[in-house]
């Protein structure tokens, strides 16, 4: 989706739309002149019901679940992207639970550990989430509560909720089954996500960055980490640098394809005053996916050790010296930028519709041990399975131009017989009709074998096992036509292949 401001005007009360439909706010007077939504006029106040004491209450919605759980709408004020793209505007928050007066919804609970307490949702003020933003340095919030804007948690709630509905569920078809715990006013630069606690945290800014709660692309990036973990691709402490690089790359890619902008966090990143320091121009991007293929190249496992990105030449007041620093210089970020650049190259050649689908289905095949070689084999095979051999060749070429080369045959699936390494697996016929044949290549590790068949959403639709043997038949006659993935486990080794059912 091209980044278009999600602007709404509440002219009358409505029920909460189903997931994937736009909640709504538009200017009081809508004309053809405002259709691009990048020329914003003054916004009218919302008409919302009031209590006897004059305080407002979110608009009630119809129940959307058999349990009778209600979802509420509430007016709020947010930045549609970030402060550089215009003033905060009024929108409608969707999916609020309970009384609708706290930022606790279907997809996210948002709050400030400084203002609300750890793990608690931020609440409306007199029934109203239309807080005023503060774009000055929020770093002082850590020691001074008066410097902690209530606006920040609302902004994060809106963007996570909107992104989950419109991109992940509406565009990508992923069923979001978890609720993110989003916390603002965290010390430091940037943000991070932790799947174990389903949490994402954004910093108030320090030396090189501003308040992350006001930057939509940072919010999307951190949420992407949680979504990918929910699909089975986890990464964190103890995982390899290549696995973490892949996680960073895909988190960047899904965010960038949604915003239609390969430059990441242009507003967020800042450089300290350089005074009289001489040196290269300061780079105010956190990352970018448009990179020179000759320089930003994996080189079959030997990338340049000089790769760095996001330089700041600054004057250090403490020792009075000029210093250079980089936002990205460690392996997971630099290597992730190479993989991310290959993904963006693929999007440029195929278009977002095909490239996004290929990236998503490749991610479903990754886990906490996936390295570049395994990921490369998976994404090339996915392109072939989804859109045919010509597209598969384009995927292979995009990654070869970035220095990722495939091994031959099934060797790429069985480069090591160590515990937890990939299991070589063959599957035929593909496309399939009433049945498929599966064959493994692990004679040194005889049975038992366990297999599952997953649909395009990652849901297990068939499962079974075999006491021993290297080849067997699986009946798929009851499954509707479509794309599926077979996963086979022998002891601690796992192999997987995508296949189509056509009839």
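When 190, 170 are screened for being under 18 Å from the mean Cα position of the chain (by Cα) and within 16 Å of residue 270 (Cβ to Cβ), only 190 passes.
Among the listed residues 314, 287, identify the single one that is crowded, with 20+ Cβ neighbours inside 10 Å, farther than 17 Å from residue 249 by Cα and in contact with a strand residue (DSSP E or B) (Cβ under 8 Å, 6 or more places away or on another chain). Steps first, answer last, please.
Numbers: 287 fails: farther than 17 Å from residue 249 by Cα.
Of the residues listed, the single one that is crowded, with 20+ Cβ neighbours inside 10 Å, farther than 17 Å from residue 249 by Cα and in contact with a strand residue (DSSP E or B) (Cβ under 8 Å, 6 or more places away or on another chain) is 314.
Against the numbered list (1) in contact with a helix residue (DSSP H, G or I) (Cβ under 9 Å, 6 or more places away or on another chain); (2) closer than 18 Å to residue 253 by Cα, residue 301 comes up short only at (2).
Anything in region 79-96 that is over 24 Å from the mean Cα position of the chain (by Cα) and either under 16 Å from residue 127 (Cβ atoms) or in a helix (DSSP H, G or I) (or both)? List them, or say none. Scanning region 79-96 gives a single hit, 90.
Taken as a whole, the condition of being modelled with pLDDT under 85 and either more than 26 Å from residue 451 (Cβ to Cβ) or surrounded by 13 or more Cβ atoms within 10 Å (Cβ to Cβ) (or both) applies to residue 421. For region 298-327, taking the residues that are part of a loop (DSSP other than H, G, I, E, B) and under 24 Å from the mean Cα position of the chain (by Cα), the one that is nearest to residue 215 (Cα to Cα) is identified as 308.
Yes/no matrix, rows are residues, columns are (1) surrounded by fewer than 16 Cβ atoms within 10 Å (Cβ to Cβ); (2) modelled with pLDDT of 70 or more; (3) in a loop (DSSP other than H, G, I, E, B); (4) touching a helix residue (DSSP H, G or I) at 6+ places or on another chain (Cβ under 8 Å):
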site: 416; (1), (2), (3), (4): yes, no, yes, no
site: 436; (1), (2), (3), (4): no, yes, no, no
site: 443; (1), (2), (3), (4): yes, no, yes, no
site: 463; (1), (2), (3), (4): yes, yes, no, no
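Considering region 121-156, and only residues there that are in a helix (DSSP H, G or I) and buried (at least 22 other Cβ atoms within 10 Å of the Cβ), the residue that is nearest to the chain's Cα centre (by Cα) turns out to be 156. Is it the case that region 221-235 has a residue that's in the same structural domain as residue 153 (by TED's automatic domain parsing), touching a residue at least 40 places away in the same chain (Cβ under 8 Å), surrounded by 19 or more Cβ atoms within 10 Å (Cβ to Cβ) and within 30 Å of residue 144 (Cα to Cα)? Scanning region 221-235 turns up at least one residue that is in the same structural domain as residue 153 (by TED's automatic domain parsing), touching a residue at least 40 places away in the same chain (Cβ under 8 Å), surrounded by 19 or more Cβ atoms within 10 Å (Cβ to Cβ) and within 30 Å of residue 144 (Cα to Cα).
So, restricting to helices (runs of 4 or more DSSP H) that lie completely within region 331-397, which ones have at least 1 residues that are over 23 Å from residue 175 (Cβ atoms)? Lay out the reasoning, then the answer.
On the way: elements: 331-350, 352-363, 372-387.
Passing ranges, in order: 331-350, 372-387.
Look at region 127-153: where a residue is on the phi > 0 side of the Ramachandran plot and a partner is part of a strand (DSSP E or B) and surrounded by fewer than 21 Cβ atoms within 10 Å (Cβ to Cβ), sitting 6+ places away or on another chain with Cβ atoms under 9 Å, you get 127/50; 127/56.
If you go through region 157-173 one residue at a time, do you hit one that is assigned to a loop (DSSP other than H, G, I, E, B) and buried (at least 16 other Cβ atoms within 10 Å of the Cβ)? Within region 157-173 (the criterion being assigned to a loop (DSSP other than H, G, I, E, B) and buried (at least 16 other Cβ atoms within 10 Å of the Cβ)), the answer is yes, since at least one residue qualifies. Residue 183 meets the conditions (1) touching a strand residue (DSSP E or B) at 6+ places or on another chain (Cβ under 8 Å); (2) within 25 Å of residue 366 (Cα to Cα) in every case but one. The failed one is (2). A search for C-beta distances below 6 Å between a residue of region 294-310 that is farther than 22 Å from residue 264 by Cα and any residue that is surrounded by 11 or more Cβ atoms within 10 Å (Cβ to Cβ), counting only pairs 6+ apart in sequence or on different chains, returns 299/403; 300/403; 300/405.
Of all residues in region 70-97, those satisfying the criterion of being free of Cβ contacts under 8 Å to residues at least 40 places away in the same chain and touching a strand residue (DSSP E or B) at 6+ places or on another chain (Cβ under 6 Å) are 96, 97.
The values are calculated or read from the model by the stated rules, or taken from the named source; none is laboratory data. Please read these numbers as outputs of a predicted model, since none were measured by experiment. Note that each Cβ is placed from the backbone with ideal geometry, even for glycine, and that neighbours are counted across all protein chains shown.
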